[in-house]
Each structure stands twice: as C-alpha cells, then as structure tokens.
Amino acid sequence: MKKRDQTVLLLEKYIHLFRCPICKGEMDIREKSMLCVNQHTFDVAKKGYINLYMQSSPEQYDKELFEARHRVIAGGLYQPLHEKITTVIKSHSQNKLHILDVGSGEGSHLHEILKRIDHINPQGFGIDISKDGIMTAAKYYPEAIWSVGDLAKNPFQKSSFHVLLNILSPANYEEFDRISTKDAVVIKVVPQQNYLKEIREIISSEPSNYSNDETVNKFHEHYSKTEIHRLTYKQEIDNDLRVQLWRMTPLTWNTDYDEIKDKIDKLMEVTIDLDILIGRHAED
Ligand SMILES: C[S@@+](CC[C@H](N)C(=O)[O-])C[C@H]1O[C@@H](n2cnc3c(N)ncnc32)[C@H](O)[C@@H]1O
Ligand SMILES: [Zn+2]
C-alpha cells in the first residue's frame, strides 16, 4: 500500500483526536486531505505525514542530523532507555493506548517503544516542528501518525493521549495537561551530567558544568507524583557509529569536523547518562 493511503487509513480512525491548528475546530478527513469545520485544509503528503505547522520549520535540525539519529537510535545505543520506558508503559497499560511522542524528531524512540508493546495494541503519534524530522520518521515508520507541528500549540483535542513521551526535547506543561487524559503518564527524558561526555571533551577543554536541575525542578513542581530514574551506561562504538554520533548531536554544531577528526577516530566508547522523569497528577 502507498504511504499516503496508509496514513489516510490511520487518520480515518483517529481524526477525532485532531483539531485545526488555525481555528481549533474539529477535523474530518476527505479523500487525501484533512479539513476542519471552517474548511481549513491540510493535504496528507505523499510521503505519509501531515503538515499542521503554519510557518517554515527551523533549519538547525536538518535531514543529515535526523538520518544520523536514526542510525544511532535504531542501531541500539538507547536500548536500555527503551526497555525502561516500556516497563513504565506496561505498568500503566490499558486497551486503546494512545501514545504521543512530543518533539519526536525522526521517530526511532517511538518505534522502538511501540514494537515492545504491540501486544497491547497501542497507537503511536509523533509531532515535531521540524519537517525534515517528520519526513524521516514517515519514511521508516509507517505504523505511527506523524505530524509537523508546534508542541506549544498542539493540533490535538483535549484528553486525547494516555502516554506522552518527551525525549531530549522542549516541553510545554500547560499543553501537555490539555491534550492528555486525567490519569495519563508523562515520561520526559533529560540529559544528566555525563551524557555524551566523550564528545563534550573533544570539543571543549573546559570541564562540563552542565546541570539539569532547573528542568527537573520544573517537572517536579508540575506533577505531584514524580519518579526519577537515572540511567547510566557506557557503550563501545565502531567506525560507522563514530561519525553518526558526531552528526546526530547539537553539541557539535559550532565545531569543524576536519579539525577534530583524529580525536573522533580514537573514540572507543560513549557514555549515556540520562534522567527519566515519570510524572502523573494526583487523582482527586
Ligand atoms: C534533540 S532533538 C530530540 C529529538 C528526539 N526526541 C530524539 O531524541 O531523537 C529536539 C527536537 O525537539 C524539536 N522541537 C524543538 N522545538 C519544538 C517545538 N516547539 N515543537 C515541536 N518540536 C520541537 C526539534 O525539532 C528536535 O527534533
Ligand atoms: Zn480551521
């Protein structure tokens, strides 16, 4: 089946969860387009995604970065993270689980999580402000519904999602509350001090003074029931992964690859150090 037809089929089933990004009206699907009660129309792209963002996407995150993230994430570097998130979702499991990855990038995290819980029949959705990210996601993972959109002005109806994932991306808790069910679980992943420290050490001689305190505190303040799990491990890396790691992270944006190529070639392992924040609102 063609990519667009597959997305249209999924949208027919889940169109009630969307709202118009222009007038907030209800949406319907007609042939190959989504349209709202006020006739604002959004065509489903041939490549199997929908663009619900009214401006041009920021250009910092580009196709090359997302392809590199795809290779690294699908290659297994974050497998322990996917296992942990899967355990949390399973403990929350219910029928008809709608999972939204907010700031999904190229979609590999969502795909890796969905494939571990497919026995509970979840439906995945991914949203990202970057068209390149969403196009890459739609290219590899047709099982989810991929939308270009702004997480601060989500094109979704209230109470649509049972699980929100927010991995290494910005958050907007007001919007998260609006689009999630009362008993939803929000899983946010933020870097800890030693995250990709080998790469940081190559690009800067200064010791890293990175702290995620502000982000973690904000999460804590918002969700009355919060758990934090720190996940730290080192993984060996091979030749191919070395260059993809370099390309996949904003950490290297201001650095010339040729100048530090020799150091990158000597990189034998990389540290993953993340906090997984799990938040819920207390039941009344
Ligand atoms: C470091 S990347 C992480 C992407 C993905 N979660 C991952 O871990 O591979 C941060 C992502 O946040 C997205 N982003 C930034 N601001 C956004 C916004 N206002 N709405 C939606 N996505 C946004 C970027 O486009 C980018 O894909
Ligand atoms: Zn509209």
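The values are calculated or read from the model by the stated rules, or taken from the named source; none is laboratory data. On a predicted model such as this, the values are computed, not experimentally measured, just so you know. Counting neighbours? That spans all protein chains shown, and the Cβs are built from the backbone with ideal geometry, glycine included. Only protein heavy atoms, including side chains, enter the accessible area calculation; ligands, DNA and RNA are left aside. Shrake-Rupley method; radii C 1.70, N 1.55, O 1.52, S 1.80 Å.
Couple of notes before you dig in:
- When +1 charges are put on Lys and Arg Cβ atoms and -1 charges on Asp and Glu Cβ atoms, the dipole computed for the chain relative to its Cα centre reaches about 960 debye.
- What you get for segment 1-106, charging only the Cβ of Lys and Arg (+1) and of Asp and Glu (-1), is a dipole of about 280 debye around the Cα centre.
- Solvent-accessible surface of segment 3-280, taken per residue with a 1.4 Å probe and all protein chains present: 48 Å².
- Approximating the spin labels as points 7 Å out from Cα along Cα→Cβ, the Tyr257-to-Lys90 distance works out to 3.9 nm.
- Here, segment 58-110 has an Rg and a Dmax of 13.4, 38 Å when only alpha carbons are counted.
- Debye, to nearest 20: dipole size of segment 73-227, +1 on Lys, Arg Cβ, -1 on Asp, Glu Cβ: 480 debye
- The simple Förster model, with R0 at 35 Å and r as the Cβ-Cβ distance, assigns Leu9 and Glu174 a FRET efficiency of 0.60.
- Distance from segment 6-34 to segment 218-260 (C-alpha centre basis), Å: 34 Å
- When only Cα pairs below 8 angstrom with a gap of at least 6 residues are kept, segment 3-280 shows a relative contact order of 18 percent.
- Antiparallel bridges, percent of DSSP beta bridges restricted to segment 3-280 (to nearest 5): 60 percent
- Protection proxy ranking for 104-114, 177-187, 237-247, 22-32, using the average of other Cβ atoms within 10 Å per residue and placing the highest first: 104-114, 177-187, 237-247, 22-32.
- For segment 1-146: rounded, prolate or oblate by the Cα gyration tensor [a/c cutoff 1.5]: oblate
- Stretch gain in nm, segment Ser224-Lys115, where the contour uses 0.36 nm per residue and the Cα spacing is subtracted: 36.2 nm
- All-pairs alpha carbon distance profile, segment 3-280, 5 Å steps from 0, percent: 1, 5, 12, 16, 18, 17, 13, 9, 5, 3, 1, 0
- Sulfur and carbon atoms: percent of accessible area, the chain [1.4 Å]: 45 percent
- Using alpha-carbon coordinates, inclination of helix 213-222 to the longest axis of the chain, degrees: 30 degrees
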